[in-house]
Amino acid sequence: MTNVSPAVPTTSSSGDTRGWYRRNEIAVTPWLFLAPGLLFFAFYVIIPIFQSFNISLYRWDGLGEATYIGLANYQELMTDRAFEISFWNNAKWLLLYLLAIPMGLGIALFLNQTVVGIRLYKSLFFFPFVISQVVVGLVFSWFYLPKEGLLNAFLGVFGLGPVNILGDPTMATYGIIAAGLWPQTAYCMILYLTGLNAVDPEQVEAARLDGAKGHKMLWYVIIPQLKPATFIAFVVTIIGALRSFDLISIMTNGGPFGSTRVLSFYMFEKALAEFGFRMGYGAAIAVVLFLIMLVFIAYFLWSMYRDEKVAR
């Protein structure tokens, strides 16, 4: 009787009998989890960015046939006075909005104390962050009213005013920025409160034994440990300043006389609000705004890469 030996499973050159997925499971599985998010990001972010670049090269009302005009939209931007005002208003937003970071840090340091009623104080400072930007705009619009507003009532106590913040072209932008700083400061405060919980108490105690206190303790011991929170606060604040739209729409609708427009609002006006629907011109404004954001995003990504490289 002939003995038949059992079949020997086919093996790879390395002797591994597992399939391709089993051999590469650790490397492939994270990408499978990331795939849905990457698809959504590509479909709703990456593809629209390239579409905006393409539309900016056309004269198009959004409905009829598009006419290719090359860089004519960008050439018109160079001589557009309204675009220039919007650009410099964005610069004002960017510069003054950064005040939210030190103000948020100061409030966080105050709230990081163990005193009676501190939870109530935290709730009051946290409140602006959870309310809608529309509500913030309405509240500050009432606050700035020339006759009935609380601001002018307060100034009247000292014999000053009245002032019409939102009706003055030279002051309206700063009034809207002040309104935006209210919730943005609350957001930075939350970031720093979280960061303060991660501060190493041993380093603080060692510095205290060495005689460090006050501003030296803050500058040399506390703030270096808050670097991750500061990084996130900078990213969120800069992006928030560049994409400001809702407060302007609620409080002034770009007025008075177009003095409070920013690039995002001017893009909306040209593409969707004005008669004629200049989609190509609005897309050109959007591209300029994107390129400005891209400079900051590239810097932040480079900073993250550099820090991770140093940490290794």
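The values are calculated or read from the model by the stated rules, or taken from the named source; none is laboratory data. Fair warning: this is a prediction, and the values are worked out from it, not measured in the lab. Note that we place each Cβ from the backbone using ideal geometry, even for glycine, and neighbour counts take in every protein chain shown.
Here are the numbers:
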{"quantity": "Yes/no for PHE234 being surrounded by 15 or more Cβ atoms within 10 Å (Cβ to Cβ) and of a type in the set (Phe, Trp, Tyr)", "calculated": "yes"}
{"quantity": "Residue count for region 73-115, restricted to those that are touching a residue at least 60 places away in the same chain (Cβ under 8 Å), not in a helix (DSSP H, G or I) and not aliphatic (A, V, I, L, M)", "calculated": "1"}
{"quantity": "Filtered residue count, region 119-144, keeping only those that are touching a Pro at 6+ places or on another chain (Cβ under 9 Å), hydrophobic (A, V, I, L, M, F, W, C) and surrounded by 18 or more Cβ atoms within 10 Å (Cβ to Cβ)", "calculated": "1"}
{"quantity": "Any hit, region 175-183, residues being over 26 Å from the mean Cα position of the chain (by Cα), modelled with pLDDT of 90 or more and either over 30 Å from ILE223 (Cα atoms) or among the polar types (S, T, N, Q) (or both)", "calculated": "no"}
{"quantity": "Residue tally, condition in contact (Cβ under 8 Å) with a residue 60 or more places away in the chain and out of contact with any strand residue (DSSP E or B) (no Cβ under 7 Å at 6 or more places or on another chain), over region 61-72", "calculated": "3"}
{"quantity": "Failed item, numbered, when THR170 is tested on (1) β-branched (Val, Ile, Thr); (2) within 16 Å of the chain's Cα centre (by Cα); (3) not in a helix (DSSP H, G or I)", "calculated": "(2)"}
{"quantity": "Odd one out for SER244 among (1) crowded, with 16+ Cβ neighbours inside 10 Å; (2) farther than 30 Å from ALA108 by Cβ", "calculated": "(2)"}
{"quantity": "Tally, over region 116-148, of residues that are assigned to a loop (DSSP other than H, G, I, E, B), of a type outside the set (Asp, Glu) and free of Cβ contacts under 8 Å to residues at least 24 places away in the same chain", "calculated": "6"}
{"quantity": "Exclusive hit being more than 18 Å from the chain's Cα centre (by Cα) and hydroxyl-bearing (Ser, Thr, Tyr), set SER264, SER259", "calculated": "SER259"}
{"quantity": "VAL236 being under 24 Å from ASP61 (Cα atoms), out of contact with any Leu (no Cβ under 6 Å at 6 or more places or on another chain) and β-branched (Val, Ile, Thr)", "calculated": "no"}
{"quantity": "Scan of region 155-168 for residues that are out of contact with any helix residue (DSSP H, G or I) (no Cβ under 8 Å at 6 or more places or on another chain), without any contact (Cβ under 8 Å) to a residue 24 or more places away in the chain and under 21 Å from GLY180 (Cα atoms), ordered by number", "calculated": "ASN164"}
